[in-house]
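Structure, as C-alpha cells:
The values are calculated or read from the model by the stated rules, or taken from the named source; none is laboratory data. None of these values were measured; they are calculated from a predicted model. Note that each Cβ is placed from the backbone with ideal geometry, even for glycine, and that neighbours are counted across all protein chains shown.
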Amino acid sequence: MNRWAIKVLWRNMVVFKKTWLTNMTFYFIEPLLYLSAMGLGLGAFIGEINGTSYIRFIAPGIIASSAMWSASSESTYGSFVKMHYQKIYHAMVAAPLYIEEVVAGEILYAVFKAVIYGSIILLVITAFGLVSSAWALLTPFVLVLAGFVFALLGMIWTGLVPKIDSFSFFFTLVITPMFLFSGVFSPIDPFPGFVQAAAWFLPLYHVVVLLRSLASGDVGLFLLVHAGVLVLSIILLYPFPQRFMKKRLGL
Amino acid sequence: MLKPIVTAKNLTKTYGNIQAVKNIDFVIFPGQCFGILGPNGAGKTTTVAMLYCFLPLTTGKLEVLGMDVTRDQREIKKRLGIVPQENNLDQELTVIENLIIYAGYFDIKKSAAEKKALALLDFFNLMEKKDVDVEFLSGGMKRRLALARGLINSPEMLILDEPTTGLDPEARHIIWQHLRLLKQQGLTIVLTTHYLEEASQLCDQLFIIDQGVIIERGAPQELVEKHIGKSVVELELPVEKQQQVLENLRPEINGHQLLGSTLFLYINDEGRNLAGKLKQHPFISYQLQRPANLEDVFLKLTGKGLLNHE
Ligand SMILES: Nc1ncnc2c1ncn2[C@@H]1O[C@H](COP(=O)(O)OP(=O)(O)O)[C@@H](O)[C@H]1O
Ligand SMILES: [Mg+2]
C-alpha cells in the first residue's frame, strides 16, 4: 500500500467517472427493492423487533450488505476481467509498478466502491427517516473496514480461480450465506447456538451490528470488539491476495 | 567501444517442467534494432518478458541498462518502453486518456504527459481519434496506440513483441514506416517476430531461436549469404524424381533443402546454367527463382518453415 497503489486506484476512478451512472443505478436499485419488499411487506406482519419497526431494523443491514456486494463483486468479476481478459495488470506491471501495488490499488478501489454505495444507501434511509442518531455519521468508517474485508476475500478468490464462472461458487458458498445469516433480516438470537457462534466468524455480522448500533444510537464499548474483529481479519487476510496473484501470473 | 544496453548470460526460463528458454546468451548495443526471430512457441515472448522485468529468470544473469533485472526492476522499467504481444490497452478509456493514465505510472506530470501524448498521436496519425474509446479503433490503430503508449516515457529502449502479428499488410507497412523513423532517431529497438520480412527489413542484428535455443545469430544479410547464397530456386516436382534431378543439378548449386514436394536450390550466380538444365526435366510443374531470405536460413537450419505452427 503506497503511492504506486494510488495510481492504480486513480486509473480505476477515471473509468468509474465514465460509468458511474449505470453502475450506481444497478447497485442502488437492488438494495432498495429489498428494503421496500421486506421492510414494508414482511414488516407489516412482523411489527417490531426489540421495540424498533422492522424497516428501521433492516435498513442499516441493507447498507452493510450493499457494501459487501459492491466490494466483493468489484474484486471478483471486476478484477478478473481486468486481469484476465483486458490484461491491464500486465500493462501495469510492464510499467514501473509491482504486482503487489496493482493488487493493493484494486483493493482500494473495491473499498472505495463499498464506501460510495453504502453511503448512498445511508443517505436514502436517512431521507426516509429511518436513522435516529448522529452516530450514523461514523458509517463511512465502518464501510471502509467492511470494504477491506470483502475486497480481500474477493481478491483471494480472484488469485486462485481458473475461470470467471468459478466466482458463482464464491457467491453461493460465501457471500449469500453471509447475507442470510449475519443478522441483516432478523436478530441472530433465534438461530441454534452453533449458528450464533458461527456468526462471529462472518464479517458481515460485525458490520451489521456496528451499523445498526450507529443508526439507532445504541452505542457502547462493545462496538470496539466488533470493529476489532474486522481490523484483525483485515490484518490476517492482507498478505494473501498479493501472494496468490503473484503466483497466478508467474511473476 | 560502446557499452551494451543488454547483456544476457546463460539465461534460462522454465514453466513447471517446460523449458521455454534454454541457456541463451546475447548482447544488444545502443542504437541497434535487434531482432528475435523464431516460430510460435520458440520462446520469444518469454525472453523479452524477462528483459522488461516482467518474468523472473529461472537461472542466469541479465543486465539491462547496466542494472541487474533481479534488483533494480523499477529503475529499469522507468527507462523502457514496452509493446506486448497481446494488446492490453484500457478498453474503457479514450485514446488520449490511455496515454495520460499510463504516463502517470511513470510519474510524468499531467501537463507534460499531455504534451507528449499529443506529439505521439500526431506522429502515429491518431490525432483524429484522440477522444474515441479504444474499443472502437481498428486493429492497426490499436497497435499504433500501443506503440505510442510504449513511447510515452521517452524510453531508452523500446521492446516490441510481435508488433505486426495479426495485422493486414497495409497496417503492417505503416507500423514498419514508423519503426524505421524511430530507428533513424537513434532509438534502441528490440523486436520479436516470426515474419522473416519484418526481421530483414528492420533489424541490424538478430538471433534465430527455436525450441528455446539460439540456433544462429548475426546481421540478416550476412546470415543469408553465409547459409544460402544469393538466390533460391523453388521447384515443385514428384518426390520420386527428386534424387535424379538433384544429381543432375548438383554442379550448379551451393546446397538444397527439401520440404514436402518442394525442392529449394541455393545458388550464388544468376542461375543461367541451372535454367538451361531445368528445361531437361519436363515433370517440374512449378519453378521460381527469387532472392534468398531468412526463411531459407531457418528452413536450412531446422528443416521446417517459420510459419509451420500456424
Ligand atoms: N505461462 C506459461 N506457462 C506454461 N508454459 C508457457 C507459459 N508461457 C509460455 N509457455 C510455453 O513456453 C514456450 C515458449 O513460449 P513463448 O515464449 O510464448 O513463445 P513465443 O513467444 O516464441 O511464441 C511454449 O512452449 C509455451 O507453450
Ligand atoms: Mg510470443
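Restricting the first member to region B:1-23 and to residues that are of a type in the set (Gly, Ala, Ser), and the second to residues that are within 12 Å of ligand 1 (Cβ to nearest atom), the beta-carbon pairs closer than 6 Å and six or more apart or on different chains are B:Ala20/B:Lys13; B:Ala20/B:Gly43; B:Ala20/B:Thr46; B:Ala20/B:Gly212.
Looking only at residues that are more than 16 Å from ligand 1 (Cβ to nearest atom) and surrounded by fewer than 21 Cβ atoms within 10 Å (Cβ to Cβ) in region B:156-169, which one is farthest from the other protein chains (Cβ to nearest Cβ)? Explain how you work it out, then say what you get.
First, pick out the residues of region B:156-169 that are more than 16 Å from ligand 1 (Cβ to nearest atom): B:156-158, B:167-169.
Filter again for surrounded by fewer than 21 Cβ atoms within 10 Å (Cβ to Cβ), leaving B:156, B:167-169.
Values: B:Glu156: 14, B:Leu167: 18, B:Asp168: 23, B:Pro169: 26 Å.
The qualifying residue farthest from the other protein chains (Cβ to nearest Cβ) is B:Pro169.
Within region B:262-304, being aromatic (Phe, Trp, Tyr), part of a strand (DSSP E or B) and surrounded by fewer than 19 Cβ atoms within 10 Å (Cβ to Cβ) holds for one residue alone: B:Tyr286. Taken over region B:29-52, the criterion of being more than 16 Å from ligand 2 (Cβ to nearest atom) and either surrounded by fewer than 21 Cβ atoms within 10 Å (Cβ to Cβ) or part of a loop (DSSP other than H, G, I, E, B) (or both) is satisfied by B:Phe29, B:Pro30, B:Gly31, B:Gln32.
Taking helices (runs of 4 or more DSSP H) that do not extend beyond region A:102-197, which have at least 3 residues that are over 26 Å from A:Ala5 (Cβ atoms)?
It comes to A:176-181.
All told, B:Tyr105 meets the bar of being away from ligand 2 (no atom under 16 Å from the Cβ) and surrounded by 21 or more Cβ atoms within 10 Å (Cβ to Cβ). Across region B:88-113, the number of residues qualifying as closer than 18 Å to A:Val15 by Cα, more than 7 Å from chain A (Cβ to nearest Cβ) and not hydroxyl-bearing (Ser, Thr, Tyr) comes to 8.
Out of everything in region A:27-64 that is part of a helix (DSSP H, G or I) and hydroxyl-bearing (Ser, Thr, Tyr), what residue ends up being nearest to the chain's Cα centre (by Cα)? Filtering first and then ranking leaves A:Tyr27. Only residues that are aromatic (Phe, Trp, Tyr) and either within 14 Å of chain B (Cβ to nearest Cβ) or outside any helix (DSSP H, G or I) (or both) were counted in region A:65-101, giving 3. Summed over region B:1-21, residues that are within 16 Å of ligand 2 (Cβ to nearest atom) and either part of a loop (DSSP other than H, G, I, E, B) or among the charged types (D, E, K, R) (or both) total 1. Can you find a residue in region B:64-73 that is buried (at least 16 other Cβ atoms within 10 Å of the Cβ), farther than 19 Å from B:Pro163 by Cα, in contact with a strand residue (DSSP E or B) (Cβ under 6 Å, 6 or more places away or on another chain) and modelled with pLDDT of 95 or more? Yes - at least one qualifying residue is present in region B:64-73. Cβ contacts < 8 Å: first residue touching a residue at least 24 places away in the same chain (Cβ under 8 Å), restricted to region B:29-41; second residue among the small types (Gly, Ala, Ser) and buried (at least 23 other Cβ atoms within 10 Å of the Cβ), any location; separation 6+ or different chain. Result? Cβ pairs passing all conditions: B:Gly35/B:Ala199; B:Leu37/B:Ala199. Flag not set for B:Ile76, criterion: under 17 Å from the mean Cα position of the chain (by Cα) and within 14 Å of chain A (Cβ to nearest Cβ). Pairs are defined by a Cβ separation below 8 Å, a sequence spacing of at least 6 or placement on different chains, a first member in region A:48-64 that is under 15 Å from A:Ala37 (Cα atoms), and a second member that is among the polar types (S, T, N, Q) and not in a helix (DSSP H, G or I); the pairs so defined are A:Arg56/A:Ser132; A:Phe57/A:Asn50; A:Gly61/A:Ser182. A residue that is within 14 Å of another protein chain (Cβ to nearest Cβ) and of a type in the set (Gly, Ala, Ser) occurs somewhere in region B:16-32. Within the option set A:Phe167, A:Phe141, being crowded, with 16+ Cβ neighbours inside 10 Å and of a type in the set (Phe, Trp, Tyr) holds for one residue only, A:Phe167.
What number of residues within region B:199-222 are away from ligand 2 (no atom under 15 Å from the Cβ), small (Gly, Ala, Ser) and either surrounded by 21 or more Cβ atoms within 10 Å (Cβ to Cβ) or more than 28 Å from B:Thr14 (Cβ to Cβ) (or both)? Final tally of qualifying residues: 2.
For region B:16-24, state whether one or more residues are of a type in the set (A, V, I, L, M, F, W, C), closer than 25 Å to B:Arg180 by Cβ and within 19 Å of the chain's Cα centre (by Cα). For region B:16-24, residues of a type in the set (A, V, I, L, M, F, W, C), closer than 25 Å to B:Arg180 by Cβ and within 19 Å of the chain's Cα centre (by Cα): absent.
Only a single item in (1) more than 14 Å from every other protein chain (Cβ to nearest Cβ); (2) at pLDDT 95 or above; (3) within 23 Å of B:Leu55 (Cβ to Cβ) is not met by B:Leu179, and it is number (3). Residue under question is B:Arg79, and the condition is that it be away from ligand 1 (no atom under 16 Å from the Cβ) and touching a Pro at 6+ places or on another chain (Cβ under 7 Å); does it hold? In short, yes.
Within this structure, B:Leu196 fails the test of being within 28 Å of B:Gly212 (Cβ to Cβ), buried (at least 18 other Cβ atoms within 10 Å of the Cβ) and away from ligand 1 (no atom under 16 Å from the Cβ). In summary, B:Asp131 fulfils each of the numbered conditions (1) without any contact (Cβ under 8 Å) to a residue 24 or more places away in the chain; (2) surrounded by fewer than 16 Cβ atoms within 10 Å (Cβ to Cβ) with the single exception of condition (1).
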